[in-house]
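Q: Below you will find the structure I want to go over with you.
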Amino acid sequence: MLPRRNQLQWAALLALAVVLPTVSLLWFMSRVIANERLVVRQKLAALYADKLNSATAETGFLFTNRLAVLGRPWPGNPYALVRGLVLEDRVQAVLLRDEAGIPVYPQPGLALGGDEPDQALAVARELELVRRQFAEAAEAYGRYTNDANLRVALEASLGRSRCLAKAGDLPGATAACRDAAFPAGAPGPAQLAVDHARLFLLSLLQRSAPDAAATDLRRRTVSALLDDLYASGAPSPRLAPSRNLFLARMLLEDVESMPPAELGSDATRIRRLQALVAAEDLALSVGEDSRIWTGPMDAVVPVREGEEAVYGLRHPSASGTILILLSPDGLAPLLAGYRESFAGTAAAYRVLDPGGRVVSGTAQARVAPFLAASLPEGFPGWKVELYFEGSDVFEQAARRQIAVYLWTGGLVIVLVLGAGVFAVRAVNRQLRLNAMKNDFIATVSHELKTPLASMRVLVDTLLEGRVRDEAQAQEYLRLTARENERLSRMIDNFLTFSRMERNKVAFSIGDISAEAVARDAVESVKTKLETHHCRLEVKIGDGLPPVRGDHDALVTVLVNLLDNACKYTGDDKQVELRIFAERGQVCFAVSDNGIGIARRHWRRIFDRFYQVDNSLARKAEGCGLGLSIVKFIVDAHRGTIEVDSRPGAGSTFTVRLPAGAADGR
Ligand code: ADP
């Protein structure tokens, strides 16, 4: 064995070879991981900064387009412009002022009713409104229903209808009103009277029985009114703006009570009317504040804060100044660039107005933004922020890369450790082999010395003639021959082993006789057995098939087994060799009544140099090679060898070899 100091040195060296690279690798990996986090953060931030810039550029582009639309000259009929902006472009309200600053749309000052009452109808009105004599009033109105002045005629029909209704004659009232609501010719300036009549007709129809004719008339009336309100077909409005709004409100109030089914295809037009009325209402309420006409042009500025925030954008055009009002919803088309750029990405955005109110994007950000930028020109004080929803995406992206590094690092460490373990085992094996070889040399020298010494003594005695008689001389010569034979066998074993080690053994396999093998083996050990007073019994079964093998090699197998059987038995030596056939195999069993082998040694006795008792003081000669040679030969014959033994009760070694063809002898 190697000295302990040497072993420790080896262990320290190996530990250094494994631990040093591992620790360096771990340190290196920790640096790489820290760097990776930084790099990923920078890469992602740069990527999103690019996206943000292009979205901002897109917003700028959309804004410029919008200004170009607003800069067009206005048509004579403002409703054409208002309808387009409110109904198509999601603008919440529109205000127009001419170059002198006079409001063009909407026009403040609401008219609640019709024009000044006509002198011709004064009597009838007196009867209706002051005296409340409705029958007389109806008659008085009736006198003018065919007046040459269409407006007077229409007013008279409407008044008559009113009075008939008040007098309780609903069908008469409806008929009279229908004449006024749907006059034969174009009403021209009397349009307002016609529309009043239509509104009144609606209220009459509401009260009358809901038959098919009434429903049809009602629908016709609504449709006709819708045609007149916010009418943009003609070069100028059909009704004065203030009347238009008043009538629109009245109509909306009326239709509220109508079942939606009755509106039919007009439902959409009603919704549009609602939007236009709401837009005009908003324009009127905001228009009262003169501040909205000051401040910068071409800039989106907050006009109304709070729940229903409104933003104003003023732009000069050839016809005057246009001011549009936009809700956050109305701003969405302008901010579409952000929505499109960040949809489907890990980042979320939000656009904040100068007051810090979220106008677009996710309302409530849970984490601080990782990037912020100003909106393009036209949005003074506005900004857009980017942040990640949920967990930190930088960390997530870095983690993926880090996992790759960790796996690679782990693999390298495992490889280094594996290589270390492999090296330790190889070195260990080498150390053990060295130790074994040293032991082997000591044993061999010891084993060779004994027969040589006894031969020398015997030969010297004979040479010096110190023998009593011829018989003693014969005895000495026989002893010399025995020692010689023992020496030869030992050297044979060494040589076989050496050839085995170098893989130089070549067997000539053929079908051979098991009996012949047994005979030659017994012949070879006979003298030795006799010398040791060892009784040998050979039992050969009948009708044995031939064995597939090499004759000389199999003789070596049996000689070694018989030799061991004799060596490892006490004074009363009994050895038995049995040969029998079993399941297509030929078996050689060598039994003795010797010292036996403990079970834990069974497997290892076939290892090279292994001896159960390896002290130099042991009685039996040998150096632990015999059984390893036997095993080598048996394996080469595709056979098996097994041992069965009990300490103190003897051992049986059984070799099983494949049988050859029965006639192959
Ligand atoms: P050796 O030269 O020592 O006999 P072997 O390889 O032939 O070497 O045997 C290995 C060891 O197995 C022996 O040292 C011995 O301890 C044990 N052994 C072999 N044959 C027998 C047997 N028949 N009875 C008891 N022990 C045996």
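The values are calculated or read from the model by the stated rules, or taken from the named source; none is laboratory data. Keep in mind it's a predicted model, so treat the numbers as computed, not measured. As a convention, Cβ positions derive from the backbone with ideal geometry for all residues, glycine included, and neighbour counts pool all protein chains shown. For the accessible areas, the whole protein counts, side chains as well, though only heavy atoms, and no ligand, DNA or RNA atoms are used. Shrake-Rupley method; radii C 1.70, N 1.55, O 1.52, S 1.80 Å.
Q: Looking at (1) within 15 Å of the ligand (Cβ to nearest atom); (2) closer than 11 Å to Val655 by Cα; (3) surrounded by 21 or more Cβ atoms within 10 Å (Cβ to Cβ), which is the one condition that is false for Leu554?
A: Just one mismatch for Leu554, condition (1).
Q: Taking interchain pairs and intrachain pairs at least six residues apart, which have beta carbon atoms under 6 angstrom, with the first residue in region 597-613 and touching a residue at least 40 places away in the same chain (Cβ under 8 Å) and the second part of a helix (DSSP H, G or I) and exposed (fewer than 14 other Cβ atoms within 10 Å of the Cβ)?
A: Close Cβ pairs (under 6 Å, with a partner that is part of a helix (DSSP H, G or I) and exposed (fewer than 14 other Cβ atoms within 10 Å of the Cβ)) do not exist here.
Q: Looking at Val416, Val404, Val421, Val412, can you tell me which residue is within 25 Å of Ala12 (Cα to Cα) and open to solvent by 70 Å² or more (accessible area, probe 1.4 Å)?
A: So the residue among Val416, Val404, Val421, Val412 that is within 25 Å of Ala12 (Cα to Cα) and open to solvent by 70 Å² or more (accessible area, probe 1.4 Å) is Val421.
Q: Something else: With (1) open to solvent by 30 Å² or more (accessible area, probe 1.4 Å); (2) within 26 Å of Gly188 (Cβ to Cβ) as the list, and Asp281 as the residue in question, which single condition is left unmet?
A: (2)
Q: What are the residue pairs meeting all of these: first residue in region 620-636, first residue more than 11 Å from Tyr610 (Cα to Cα), second residue near the ligand (Cβ under 8 Å from one of its atoms) and of a type in the set (Lys, Arg), Cβ atoms under 8 Å, and 6 or more apart or on different chains?
A: Final answer for the pair search is Ala620/Lys567; Glu621/Lys567.
Q: Just a yes or no: is a residue in region 306-314 more than 18 Å from Ala278 (Cα to Cα) and in contact with a strand residue (DSSP E or B) (Cβ under 6 Å, 6 or more places away or on another chain)?
A: Yes, region 306-314 contains a residue that is more than 18 Å from Ala278 (Cα to Cα) and in contact with a strand residue (DSSP E or B) (Cβ under 6 Å, 6 or more places away or on another chain).
Q: Looking for whichever is part of a helix (DSSP H, G or I) and over 60 Å from the mean Cα position of the chain (by Cα) here; the options are Glu537, Glu515. Which one fits?
A: Glu515
Q: Next question, about the same structure. Please enumerate the residues belonging to region 295-320 that are more than 16 Å from Phe379 (Cα to Cα), open to solvent by 50 Å² or more (accessible area, probe 1.4 Å) and modelled with pLDDT of 85 or more.
A: Selection gives Pro316 alone.
Q: Moving on. For region 181-235, which positions are more than 18 Å from Asn77 (Cα to Cα), acidic (Asp, Glu) and in contact (Cβ under 8 Å) with a residue 12 or more places away in the chain?
A: Passing the criteria: only Asp195.
Q: What's the total number of residues in region 140-152 that are without any contact (Cβ under 8 Å) to a residue 24 or more places away in the chain and surrounded by 15 or more Cβ atoms within 10 Å (Cβ to Cβ)?
A: The qualifying residues number 3.
Q: Right, here's the next one. For region 590-608, name all the residues that are in contact with a Leu (Cβ under 6 Å, 6 or more places away or on another chain) and more than 7 Å from the ligand (Cβ to nearest atom).
A: Within region 590-608, Val590, Phe606 meet the criteria.
Q: What is the one condition in (1) near the ligand (Cβ under 6 Å from one of its atoms); (2) more than 60 Å from the chain's Cα centre (by Cα) that Arg578 does not satisfy?
A: Failed condition: (1).
Q: Now a separate question. Based on this model, can you work out whether Val525 counts as within 15 Å of the ligand (Cβ to nearest atom), part of a loop (DSSP other than H, G, I, E, B) and modelled with pLDDT under 90?
A: No, not satisfied.
Quick grid of which residues meet (1) within 33 Å of the chain's Cα centre (by Cα); (2) free of Cβ contacts under 8 Å to residues at least 40 places away in the same chain; (3) closer than 30 Å to Ala34 by Cβ:
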{"position": "Gly356", "(1), (2), (3)": "no, yes, no"}
{"position": "Gln364", "(1), (2), (3)": "yes, yes, no"}
{"position": "Trp382", "(1), (2), (3)": "no, no, no"}
{"position": "Asn434", "(1), (2), (3)": "no, no, no"}
{"position": "Lys437", "(1), (2), (3)": "no, yes, no"}
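Q: One residue is enough: does region 623-641 have a residue meeting the conditions over 25 Å from Ala506 (Cβ atoms) and open to solvent by less than 60 Å² (accessible area, probe 1.4 Å)?
A: The answer is no, given that none of the residues of region 623-641 is over 25 Å from Ala506 (Cβ atoms) and open to solvent by less than 60 Å² (accessible area, probe 1.4 Å).
Q: What number goes with the only condition from (1) part of a strand (DSSP E or B); (2) open to solvent by 40 Å² or more (accessible area, probe 1.4 Å) that Glu126 does not pass?
A: (1)
Q: From the list Ala209, Ala186, Ala234, Ala190, pick out the single residue that is assigned to a helix (DSSP H, G or I) and of a type in the set (A, V, I, L, M).
A: None of the other options fit; the residue is Ala190.
Q: On to the next question. Count, please, the residues in region 622-642 that happen to be under 60 Å from the mean Cα position of the chain (by Cα) and within 10 Å of the ligand (Cβ to nearest atom).
A: Of the residues in region 622-642, 2 are under 60 Å from the mean Cα position of the chain (by Cα) and within 10 Å of the ligand (Cβ to nearest atom).
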